[in-house]
Structures are given as C-alpha cells and as structure tokens.
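To keep things clear, I will list the structure first and then write my remarks on it.
The values are calculated or read from the model by the stated rules, or taken from the named source; none is laboratory data. Given the structure is predicted, the values throughout are model-derived calculations rather than measurements. Here Cβ is always computed from backbone atoms with ideal geometry, including for glycine, and neighbour counts include all displayed protein chains.
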Amino acid sequence: MKFVLATNNPKKLTEMAAILGGLNVEVVSPKDLGIHIEVEETGTTFAENAMLKAKAICEAANLPAIADDSGLCVDALNGGPGVYSARYGGEGLDDKGRYLLLLNSMRGQTTRAAHFACAIACAFPDGKTLTAEGRCDGTIAFAPMGEGGFGYDPVFFLPEYRKTFGQLTAEEKETVSHRGRALREFVQKLETFLKQEPSNTI
Ligand code: ITT
C-alpha cells in the first residue's frame, strides 16, 4: 500500500510521516514521484483546501493522496490569519517574518487566545474520500521562544506545558498538536474504511 503525502512543506511532511508511521503503509512525497504541482488554495475552509490538494495530487500520481491544510486562528484577529496563514503578510515573508508580523499586530492586545486547526483529506483514485479534523488551543506568546517545529511554533504558547510549540520535542508536539489529533482520527477512519470494504485495496 502506497500513499502520497500531498504537501510541498518539508517540515509538515516530516510530521505527517512520523504520525502515519504506525500504519503499515509506504508513504512518498510528490517530489519523490517527480510531481511538482502548486495547487491553488481557492477554498474558504481548511477542509475545502485539503480536499483540493488531495484530489489534485491523487490525480497526478494515480495513487491515494493525503493532504493537510492547517493554520493559526487568533481570536483577537477575528480568526485570522486562518486559511491565509501560509500567505500572511504577502509573498516576501518567511516563517520568521510572518510570526514577527503576527506579534506586531498583537501588540497591546490582552486577549491572546488562539488555536491551530488542521483538516486532513484523503482522495483515492476511484473517487472515494476520507476526512478528519483536529485543533489545539493555546495563546499567542509575547515574544518568540524555541527553535523547534516550523511556521508559527515559536509564538504559539501552550499554558498546560508552559512552553511554546517551538520549545516542545517533536514527540510532545505530535501528542497535542492539531495535526497529531487530526491524523490519529484519520488513521482510525482509514482502518475502518479498509476493513468495511474489502474492495478498498490500494
Ligand atoms: P502545503 O500546502 O504544500 O501542504 P503549506 O505550508 O502551504 O504547505 P498550508 O497551506 O496548510 O501549508 O499552510 C499552513 C500554514 O499554517 C503553514 O505554512 C504555517 O505557517 C502554519 N502552520 C500550520 N501548521 C503549523 C504548525 O504545526 N506549526 C506552525 N505553523 C503551522
């Protein structure tokens, strides 16, 4: 059984592969298959964008494809940057530029609640699909802390750990993260799906 992990983000790919490692399946990246597609994320929800990516890569690879669409939703920013997390501040910014911009737009803000959201979509070559979602609640830190992870991890603070995502080990992040939660739900659904329909040989 082979699945393509439909992402061009190497750090997200590492996290996805680690969490799916318990499944008895082989995972490859689009790059491994020589596929270089930048899917336009035209959806207005994480679920819509995840499905767009899964279907496009499934079609290109003719293999089942698992996509993750995720982002940081900040209460004081009306849920933003949300589905625009990867594009926050425009094309010129890197991860650090984006989280510094976020800290700047939160300056003086006492309401710091935020959550990460993750939608997983899996598309099969026969048109069947599976979905799952996960979230992780926290707050926006007042300054970046930690070097781990990627994206907004240094500024996403988990009160119960008294650490940012950037200060967690990969294993700790996997246990509590939006992605870990969504992918564990997805794994359960996939196992049920494969058992229910013996024709679902991949
Ligand atoms: P693909 O679409 O190719 O998978 P991407 O990075 O563009 O890669 P998204 O469109 O889902 O992925 O954007 C998600 C953005 O949200 C990501 O670039 C980060 O800025 C942020 N993000 C998502 N999960 C995160 C995490 O676990 N830690 C920190 N930031 C995260």
Positions within segment 126-155 being assigned to a strand (DSSP E or B), of a type outside the set (Val, Ile, Thr) and touching a Phe, Trp or Tyr at 6+ places or on another chain (Cβ under 8 Å), in sequence order: 130, 132, 133, 135, 136, 138
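Report the residue count in segment 81-91 for those that are more than 16 Å from residue 16 (Cβ to Cβ), within 10 Å of the ligand (Cβ to nearest atom) and among the small types (Gly, Ala, Ser).
2
Identify, please: which residue in segment 168-202 is assigned to a loop (DSSP other than H, G, I, E, B) and modelled with pLDDT of 95 or more and is, among those, nearest to residue 65 (Cα to Cα)?
Here the residue is 177.
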Hey, could you check segment 158-186 for residues that are under 20 Å from residue 81 (Cα atoms) and touching a helix residue (DSSP H, G or I) at 6+ places or on another chain (Cβ under 8 Å) and say which is surrounded by the fewest Cβ atoms within 10 Å (Cβ to Cβ)? 158
Please work out which residue is surrounded by the fewest Cβ atoms within 10 Å (Cβ to Cβ), limiting yourself to segment 41-80 and to residues that are within 8 Å of the ligand (Cβ to nearest atom) and not hydrophobic (A, V, I, L, M, F, W, C). 41
Segment 92-111 - residue that is within 12 Å of the ligand (Cβ to nearest atom) and not in a helix (DSSP H, G or I) and, of those, nearest to the chain's Cα centre (by Cα): 94
Number of the condition not met by residue 119 [criteria: (1) closer than 17 Å to residue 5 by Cα; (2) of a type outside the set (Phe, Trp, Tyr); (3) in contact with a Leu (Cβ under 6 Å, 6 or more places away or on another chain)]: (3)
Any residue in segment 14-33 that is more than 13 Å from the chain's Cα centre (by Cα) and at positive phi? no
